[in-house]
Structure formats: C-alpha cells, structure tokens
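Shown next, in structure tokens, is the structure this report addresses.
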Amino acid sequence: MAKGLFPLAWVKKSFYFQARIYFVRVKYLFLTWLTVLVGSWVLYVQYSAYTELCRGHQCKNAICDKYRRGIIDGSACSSLCDKDTFYMSRCLSTLPNNQVYTGSWGDHEGIVRCHLGEVTHYEMGEEPEPHREAPVFETPTKGTSVEKFREMVFHHVKSKLGDQANLGGLVSVILSVADGNKDGKVSLPEARSTWALLQIDEVLLGLLLQERGHTPRLLGYCGDLYMTERVPHGPLYGFSIPWPLVSWVPGGLRRTVDQWFAPSWPRKAKISMGLLELVEDVFHGTYGSFLICDLAAARFGYTDGHELRLTDTRAVVPESQFRRGMRALRCETDAECVYGADCRTSCNAAEKRCREEPVRPNLAKACGTLKDYLLHGAPSALREELERQLYACMALKGDAGQLNMEHSLLLNNLKALLWRQISHTKDS
C-alpha cells in the first residue's frame, strides 16, 4: 500500500514545484512588464519636460535670423551665427522662456542665457495663431545718434537706481560694453542689443557689481542672448543635492551632507570675507544702496581661488525701488509686507500701508547664512568670540538708531576677526 502511494506523492510534489515555477515566471514577467511601462512613462515625462524647457536651438535660430538681417549685433554674434565657435551644451533651464545652458566660446567656459517669449500651449487639432513677435529690438530707432542713445541709457539707469551722483560713469561702462567689435563706435544694431540687455535687471545689476568681483563677468552677447563666466563651485558648501531628491532628504541630514562637502575652515573664512565685502559694497555703494532679498547659500558660489560670487543677481534690488514698492503696498498685517524672499517691513495699522524701512539689513541676514557655515569646524580658540559676534550681527535691526555706525562696527569687527585667522595662510 505504501509502495502505491509513493508515486502519487511524487507526482503531487512535482506538480506543486512546476506550478510554483510557473507562478514565479508569471510574477517576474509581470514585474518586468510593469518596470518597462513605468520606465517608459518616466522617460516620456522627462523627455516632454526637456523639450518643453530646453529650446536652445530656437533661441539661436531667432537671434541669428535677426543678426543676419542687420537688426542686432554684438561681441558674440559672429562666433554664434557665422563661425560656430560659440556653443550651448548642457541645459539648465527651469522656465521655458528663460533658457539657461552651459556653454563655451573659444577659451571661455560660461553660462549662456537667452530670453524667449511666452510659451503658448495648443490643444490637439487647434490651429495656432500667426506668430506675433514682441518688439524687443525696435529701440533705438533708425537715425538715433550716439548722444541720444547715451541719454536714453542714462534715464533708464536713473529710473532703476534713483538719482545717484555716479550714473554718468556707469553709462560710460555700459557704452563700452555696447561697442562689441571695439571699433570705438556703437552701431545701431549694437545699441539695440544693449538696450534689450538693459531691460533684464540681472544684467544691469551684474554690470554694477562685477567691477568689484562680486558677480560673474559678462563675457559676450548677441541680442538678449549673453554669456557670463562659469562659477565652478556652488552653492557656498560646494555641493547641492539633486533637485529630485531634495524633498526626500530630511533637513538635518541635508545640513550634515553640506558640511561633508564644504571646503576647509580657512577657505570657508575667505569665502565668508567675500560675502561680507559684498554686503559692505551694496550698503552705501558707488551707485546707491541695495538690498539682497535672498541670502540663501544657494544664491552664491565660489571660484577655484575661493573668491565668492553672487550667481543670481535677481535677489538684489535697489533700495529706492524697494521703498517705492513697499510704499504702494496695502496691508492688514506685517506678513503682507514682503518683497522677494525675505525683504520685510512692518505694516502701519493706522494707514493700512507697509512702511518703507526694512526690518533686517543685509548684514543681519548674511550673518544668519554664515552662522552654521563658519561655526562648524572653527578653531577652538576662536569659536566663542566668533559665535558672539555672529549673534550680535544677526540681532541688528533695520530701524535701529545709528544703524550706519552699528553696521560698520559689526562688519569691521567680524572681518578683522576672520582676517587674523587666515592672513598667514596660503588661502589668504
């Protein structure tokens, strides 16, 4: 009897084993199919996003068409459109109408920016309307003299910066940049390119700050396409978590990762000196006072020589413009009196309007950015005094009496403290 049962048990076991193998095959086939499906969908979404965001060929075609028609000209036009020695490579764009790429031009490595018009979306089967080109390059008009153009530039800069004593010098700098082929004259196509660039606030502010080395240099332009020098390290810590992972990484872990990749402390001190000098130069600078409305570490980078660069000048606003904006703003609470990321005033409850005076000056916000950056790894003999000065700096108020004196005293003390530590090192 036992002998008769053995083959049956073996058959059942064999059947069970085969069924299990079949189930495993089906399971893995399903998972493979699902992986291919999800992967294809992700690739499609990424490709769609890329083609929507990255339209460098459209930028180049539009600019070169106007150059060949004699509408615009500039220092990079011939290399971009005729010689093909001006290249746009990796796409960094985050907005479809603001194209950003890494690029190269001869021996220069840089960042290329090009402003396209608004992107229009059409439903399937919908006929697009005829393209109406924005009149970006219609000013100045034919027959405009160089002196008239100088006057136009002067009034434009004055409207942005207020009535400053040194605007004539700035206008001369701008006209020097406008002479793209360096023949001593500004042609009408060069003037049109320059005028288009001046409508982009970050270009104007970049020109203001680059003479002191605070921003990447403008290397060349054609129309409103322009290249600035590349800042090799950024943000302040020299490393940024890829954007798809940012929302998944806890803040504490992110700060730890930042410190792992940060430069050595003497180099951090040198970079910090650059930030303090930037704050000093924009407090009462050559062309007036400016507010930096986002002092996050992501706005800054540094060179191989550990010199600080402000990589996003959109965070900078002339104080006169800030005050006008606040004066026109109605409010119920202080929370409504915000300009940019963190330039704040208080609300005048009686008038229901925002006050003009910023609550925190640039220096207080800069010290808040530098606190974690500088205290981590600071020499033990310095740490206590450094911490005391940073916290005193962070407590500085914009509406405090004798702000100028306090500002200068705190800034000078902090710079002197850092300089004593690095003046004898090779990083100085």
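The values are calculated or read from the model by the stated rules, or taken from the named source; none is laboratory data. Small disclaimer: the values here were computed from a predicted structure and weren't measured. Note: ideal-geometry Cβ built from the backbone for every residue, glycine included; neighbour counts use all protein chains shown.
Just to confirm my filter: which strands (runs of 3 or more DSSP E) fall fully inside segment 48-115 and include at least 2 residues that are in contact with an Asp or Glu (Cβ under 6 Å, 6 or more places away or on another chain)?
108-115
Quick one: LEU278 ticks every box in (1) at pLDDT 90 or above; (2) surrounded by 17 or more Cβ atoms within 10 Å (Cβ to Cβ); (3) not in a helix (DSSP H, G or I) bar one, so which box is it?
Failed condition: (3).
Considering each residue of segment 326-342, count those that are buried (at least 16 other Cβ atoms within 10 Å of the Cβ) and among the small types (Gly, Ala, Ser), and give that number.
The total comes to 1.
Go through (1) touching a residue at least 12 places away in the same chain (Cβ under 8 Å); (2) touching a Leu at 6+ places or on another chain (Cβ under 8 Å); (3) under 16 Å from LEU418 (Cβ atoms); (4) not in a loop (DSSP other than H, G, I, E, B) one by one and return the number of the condition ARG383 breaks.
(1)
If you check LEU374 against the conditions, is it assigned by TED's automatic domain parsing to the domain that holds VAL317, over 28 Å from CYS347 (Cα atoms), under 26 Å from the mean Cα position of the chain (by Cα) and touching a residue at least 60 places away in the same chain (Cβ under 8 Å)?
yes
Would you pick out the residues in segment 83-124 that are within 15 Å of the chain's Cα centre (by Cα), modelled with pLDDT under 90 and farther than 19 Å from ASP65 by Cβ?
Selection gives LEU92, SER93, THR94, LEU95, ASN98.
Check ARG309, ARG314 and return the single one that is surrounded by fewer than 21 Cβ atoms within 10 Å (Cβ to Cβ) and not small (Gly, Ala, Ser).
Result: ARG314 is the single residue among ARG309, ARG314 that is surrounded by fewer than 21 Cβ atoms within 10 Å (Cβ to Cβ) and not small (Gly, Ala, Ser).
Those residues that are closer than 15 Å to SER272 by Cβ, outside any helix (DSSP H, G or I) and modelled with pLDDT of 85 or more, I need them from segment 386-426; list them, please.
none
Between GLY213, GLY223, GLY301, which is more than 30 Å from LYS66 (Cα to Cα), in the same structural domain as ASP65 (by TED's automatic domain parsing) and at pLDDT 80 or above?
So the residue among GLY213, GLY223, GLY301 that is more than 30 Å from LYS66 (Cα to Cα), in the same structural domain as ASP65 (by TED's automatic domain parsing) and at pLDDT 80 or above is GLY213.
Which members of segment 155-181 meet the condition of being farther than 25 Å from HIS284 by Cβ, free of Cβ contacts under 8 Å to residues at least 40 places away in the same chain and not small (Gly, Ala, Ser)?
LEU175, ASP179
Of all residues in segment 355-404, which are more than 22 Å from PRO263 (Cα to Cα) and β-branched (Val, Ile, Thr)?
The answer is VAL359, and nothing else.
Filter segment 176-210 down to the residues that are assigned to a loop (DSSP other than H, G, I, E, B) and under 19 Å from the mean Cα position of the chain (by Cα), then identify the one that is nearest to ARG150 (Cα to Cα).
Among those residues, the one meeting the criterion is GLN199.
Limited to segment 161-174, what total is found for residues that are buried (at least 18 other Cβ atoms within 10 Å of the Cβ) and assigned to a helix (DSSP H, G or I)?
Going through segment 161-174 one residue at a time, the tally reaches 5.
Which condition does CYS347 not pass, out of (1) modelled with pLDDT under 90; (2) buried (at least 17 other Cβ atoms within 10 Å of the Cβ); (3) more than 23 Å from the chain's Cα centre (by Cα), if it passes all the others?
(1)
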